[in-house]
Amino acid sequence: MAKIVFALNQSLDGFVDHMALQRDPMLFLHFIEDVRGLTGMLYGRRMYETMRY
């Protein structure tokens, strides 16, 4: 039987300034490795519209 994993990425105040975002290479690699192990992802309509580009 497959395992369902719930993940949520959000700032504490709900705001992220993507222009000023400082990317940590080790944290980015952590998320890449985490996503590689997934079979699929389920998005809501608004997130799907954002991520399809």
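The values are calculated or read from the model by the stated rules, or taken from the named source; none is laboratory data. Keep in mind the model is a prediction, meaning the values are calculated, not measured. Note that we place each Cβ from the backbone using ideal geometry, even for glycine, and neighbour counts take in every protein chain shown. SASA here: full protein model, heavy atoms, side chains in, ligands and nucleic acids out. Shrake-Rupley method; radii C 1.70, N 1.55, O 1.52, S 1.80 Å.
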(request) Go through segment 36-49 and give me each residue that's open to solvent by 70 Å² or more (accessible area, probe 1.4 Å) and of a type outside the set (F, W, Y). (result) R36, L38, T39, M41, L42, R45, R46, M47, E49
(message) Any residue at all in segment 15-23 that's surrounded by 10 or more Cβ atoms within 10 Å (Cβ to Cβ) and either at pLDDT 85 or above or of a type in the set (D, E, K, R) (or both)?
(response) no
(request) Quick one: which residue in L8, L42, L38 is at pLDDT below 75, in a loop (DSSP other than H, G, I, E, B) and not basic (K, R)? (result) L8
